[in-house]
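Colleague: What follows is a single structure, and I will ask about it in a moment.
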Amino acid sequence: MRNRIEEITENFLSKNTDALGGERQFEKLSNAIDYAWNNWEESVISTYYDNEKPEYANNQFIIEWIDNELGNNPDEWETVLNS
């Protein structure tokens, strides 16, 4: 599973929608990351930036979010990304 998570992370960061299964799968992942960035406790999010919170999640947050979410829920995310 580790290789799959790294592959998904690399493809997401490079916006390689085809490798993720298409635009729809990219959008699902993007929406989940955006939701976390905009709705998680500020005490958690603030560890990912200095000064003012950026509008969009940075690469560090995205990498760790994908690793944690997909690593802890691999079957659920495989279903989401393959649907």
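Colleague: If a residue must be aromatic (Phe, Trp, Tyr) and in contact (Cβ under 8 Å) with a residue 24 or more places away in the chain, how many such residues does segment 20-65 contain?
Modeller: 3
Colleague: Can you name every residue in segment 10-59 that is in contact with a helix residue (DSSP H, G or I) (Cβ under 6 Å, 6 or more places away or on another chain), of a type in the set (Ser, Thr, Tyr) and farther than 20 Å from Glu78 by Cα?
Modeller: Tyr48
Colleague: I need the full set of residues from segment 7-19 which are part of a helix (DSSP H, G or I), free of Cβ contacts under 8 Å to residues at least 40 places away in the same chain and farther than 17 Å from Val80 by Cα, in order please.
Modeller: Across segment 7-19, the qualifying residue is only Glu10.
Colleague: Another one. Pull up segment 20-65, narrow it to residues that are among the aromatic types (Phe, Trp, Tyr) and in a helix (DSSP H, G or I), then point me to the one that is surrounded by the fewest Cβ atoms within 10 Å (Cβ to Cβ).
Modeller: Here the answer is Tyr35.
Here, each number is a calculation from the coordinates, and none is a lab measurement. Since this is a predicted model, take the numbers as computed values, not measurements. Here the Cβ is made from the backbone with ideal geometry for all residues, glycine too, and neighbour counts use every protein chain on show.
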